[in-house]
Every structure is written in structure tokens, then in C-alpha cells.
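Novice: Questions regarding the structure given below will be posed in turn.
The values are calculated or read from the model by the stated rules, or taken from the named source; none is laboratory data. Keep in mind that this is a model prediction, so the values were computed, not measured. Backbone-built Cβ (ideal geometry, glycine too); neighbour counts: all protein chains shown.
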Amino acid sequence: MDRCIVLVDAGYLLGAAASLLAGEPSRSRITVDHTALIQGLRERAESDTQQPLLRIYWFDGAPDRVPQPEHRRLRVMPRVTVRLGALTRSDGRWAQKGVDAAMHAELTELARNRACSDVVLVTGDGDLLPGMMAAKEHGVAVHLWAVQAADGDYNQSEDLVAEADERRVLDRTWITKAVRAKEYTGVCAPQPVPRPEIAAILSAPLPDSSLAATAERPAPPPPHPEAGPGQNGTEERVPAPKGVPTPKDLAALRAPGTQPAQPPASATLRWSSDKGWVDRPTAEPPEAASMPTLAQLTTAEQRWADREEDITTVGGDPYEVGQVFARRWVERLGDQGHLPKLSGMYPRIPHRVDGELLRYAARFGLLAHKDDQIDERDRYAIRAGFWREIGVRTGVEHTPVGD
């Protein structure tokens, strides 16, 4: 077949781009316009090979092979196929597993089936050498592309370079058409772009309560200098003061030898949409308990359409996820009298609705790296997107509490 195929090792391409533009291989230091990047790969491949493009294969790692937002955007682009390997953490560093094997299998299968005349490999890993050699034996021309190295030297296996039929270096000018370095903030990870809606939720004041005051009690005084080290020869550490009471703290509130005391009337519990601990009754107010969930408002036909939209158009950004959920909820809500009640609860979301919102967000891979817990900042972004969409639909602007 007189056509070309591009196989991209995303870890190599974006890691090398980060080294070139930001001085370190961390992909968190760059922003990527994936649409422009895919278009650039396609145009360059067709120009170099003089063959029309059949497909771009994008190989990347993801925790538990769950597609991340960038993968969801890529896999719905024309002529793009995403293949995911595992992403594991070892010795404090993330490493891809299975990506090289998947690229090798795809390359040899395409060549064996004569699916193309030219293959473009964007990789630097020498483990792909056997696959490259097999492809050449099946009559496929192999083009090896490199990303310009930050130090001016090769960032590819010398064996790959020697075996390739053609070689191309993607220089800084080409890379910067789709990739930008984030501004350095002086911290290990770049700070996320602030959103007023998230700030509104985070700035909600926490009322005083007897339990919160108990939780903020000062730490015990340090041991007397004459006490010396502990029995095992090491100094005993004084636990740091806690801002949120743990079950152990609650158990310590009772006197020794007595049954655990009942929580005081002002006992605090975590409200799902607040940061910290706030006073609330054991049961939700009637207007919150009566709020219908999205599942109750959704028909089977709508559920199918929602899933189709999630797969093809929703990128998976936490803020966007909250907006999509709120839009569907409002559009299907029969009794519009619920909306003023909901706005009056800001920044809290009724528990049933809030739990459903977070479960919906989990579909987009937002649980990744978090031990089955959505990152705290992502949770606030999800809820901020929810409130933003509610405000747009109702014309009510939600402002920070206490302003």
C-alpha cells in the first residue's frame, strides 16, 4: 500500500520537548496544543514520505491504562489511534510499562500485512530496534524522527539511528508551533491557573465549634532534656498539632475508664462541598434531601446519548466535567423550584447529587495517581464548574461567602 503511518512514543516526544523548552523532561512543565501537534505530524509525514497518511498511532502510559483527558481528546481526532500502556511509580519516579512492546507489535503487524509503504517512528528507545529491522525486511521504508536535544547531542539510540532508512530532526521552531513551556513559578510543580469560582469555594469561612477548638489544641510540651532518648535509643517525636479531628481524637475526648461520650450538640462533620469542618445537623435539610439526582432525571435514551457525548466531546478537565454534569441536571429538572433552593445552599452541594457528581468525574480518569481518591484541588474544580453552570443557567452569580 502506498501510504504512510506514524508511530509516536508520546513519552519520548513530549519529554524531549520539555527538556528542550523547559530544561527538564517533566511533561508538567509544558502545555501542548494536541490539535496543532497532530496536524504538524501529519503534514511533515506526508511531505517527507510523499505518501498520504493512513493513521497516526499515539502510544502513551496511563495509570491502570485509564485514558487521561489528553488521551480522550486525541482518540476522537481523525486518523488518530491511541494505545495505552501502564504508568507505574518506582523510587519516586513515573515509568511507562508496555509502551515499547505495544509499538513493536504494531510496527511488525503493519509491516507483515503490508498496510503501508513507509513508517515514521518518533521514538528514541533502542528496544524498538528488532521491530524496525523486521519492518525493513517486509519492504517498509523506516523514517526515524528525533526531537532536537537540549544539549545538542543525540537523545536516541545509536543503533536506531544507524538502522533507519531516513532520519529527521524536529527542531525548536517546529516544536514550538504546538508546545509551549510554562512559566517557572519557583516550585517543583507549576501552580494551576486560578479560577474565581474555585476561590469562592475555598474562601468560605468555617464557623467556630467546640470540637474544632478541641482539635486545634496545642501540641504537648517537648520532653525534659534530662529525659534522654527513648528505650530504643532514638528521640521521641512530638506529633504535630492537627487541624481536623481524627477518630483517635474523638475517642480521647472521653475520660479514662468511661464509655465514649456522645458528640456535643455542635459536633462537626465534613460537608462534602466544603474545605475543612463545619457545623451541620445529622440529617440534611428537607430541601436538600428532596433534590433529585441526575440518574433519576435521565431516560435510557438520554443515558446512551450522554455516554456518546462523554466519549466524543468531553475532554475530562475537572472544571469542564462539573459544567457538563450541571448542564444535564438543569436541562432535565422538571420542577424549577429546586434551583433557588440549590443556589441558597452555595457552596454546598446536596450529598446525593455531590456523590453522583464525583462518581461521574471518576469516569474520566481523575482517580489516577490518587489511590482511588480524587485529588482535593480537582474536587474543588469539579464543584466550581458545577456552580458556574448553575449560575449561568439561573442568572444567579455565586460570590465568595463572607464578601
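Novice: Which residues, counting only those in region 76-90, are at pLDDT 85 or above and over 16 Å from I5 (Cα atoms)? So that I can check it myself, show each step before the final result.
Specialist: Here is the first cut: in region 76-90, the ones at pLDDT 85 or above are 76-86.
Matches in region 76-90: V76, L84, G85, A86.
Novice: Quick check: is even one residue across region 278-287 at pLDDT 50 or above and in contact with a helix residue (DSSP H, G or I) (Cβ under 7 Å, 6 or more places away or on another chain)? If you could, list the steps in order and put the result at the bottom.
Specialist: From region 278-287, those at pLDDT 50 or above are 283-287; that's our starting set.
After this cut, where a residue has to be in contact with a helix residue (DSSP H, G or I) (Cβ under 7 Å, 6 or more places away or on another chain) as well, the list is 284, 287.
Yes, because at least one residue in region 278-287 is at pLDDT 50 or above and in contact with a helix residue (DSSP H, G or I) (Cβ under 7 Å, 6 or more places away or on another chain).
Novice: For region 80-101, give me each residue that is farther than 11 Å from A62 by Cβ and buried (at least 19 other Cβ atoms within 10 Å of the Cβ).
Specialist: Within region 80-101, V80, D100 qualify.
Novice: Within region 121-148, restricting attention to residues that are among the small types (G, A, S) and in a strand (DSSP E or B), which residue is surrounded by the most Cβ atoms within 10 Å (Cβ to Cβ)? Steps first, please.
Specialist: First, pick out the residues of region 121-148 that are among the small types (G, A, S): 124, 126, 131, 134-135, 139, 141, 146.
With in a strand (DSSP E or B) added as a condition, the list becomes 141, 146.
Details: A141: 17, A146: 23.
Among them, the one singled out is A146.
Novice: Tally time: how many residues in region 149-162 are surrounded by fewer than 16 Cβ atoms within 10 Å (Cβ to Cβ) and assigned to a helix (DSSP H, G or I)?
Specialist: So the first thing to find is which residues in region 149-162 are surrounded by fewer than 16 Cβ atoms within 10 Å (Cβ to Cβ), and the list is 149, 151-154, 158-159, 161-162.
Imposing the further condition that a residue be assigned to a helix (DSSP H, G or I) reduces the set to 158-159, 161-162.
Number of matching residues: 4.
Novice: Can you name the residue in region 102-120 that is under 25 Å from W174 (Cα atoms) and in contact with a Phe, Trp or Tyr (Cβ under 7 Å, 6 or more places away or on another chain) and, of all such residues, is surrounded by the most Cβ atoms within 10 Å (Cβ to Cβ)?
Specialist: V120
Novice: Take the residues in region 318-350 that are among the aromatic types (F, W, Y) and assigned to a helix (DSSP H, G or I), then tell me which one is modelled with the lowest pLDDT. Step through it out loud before you land on a result.
Specialist: Just the residues of region 318-350 that are among the aromatic types (F, W, Y), to begin with: 319, 325, 329, 346.
Filter once more, so that each one left must be assigned to a helix (DSSP H, G or I): 319, 325, 329.
On the way: Y319: 90, F325: 94, W329: 93.
So, considering only residues that are among the aromatic types (F, W, Y) and assigned to a helix (DSSP H, G or I), the one modelled with the lowest pLDDT is Y319.
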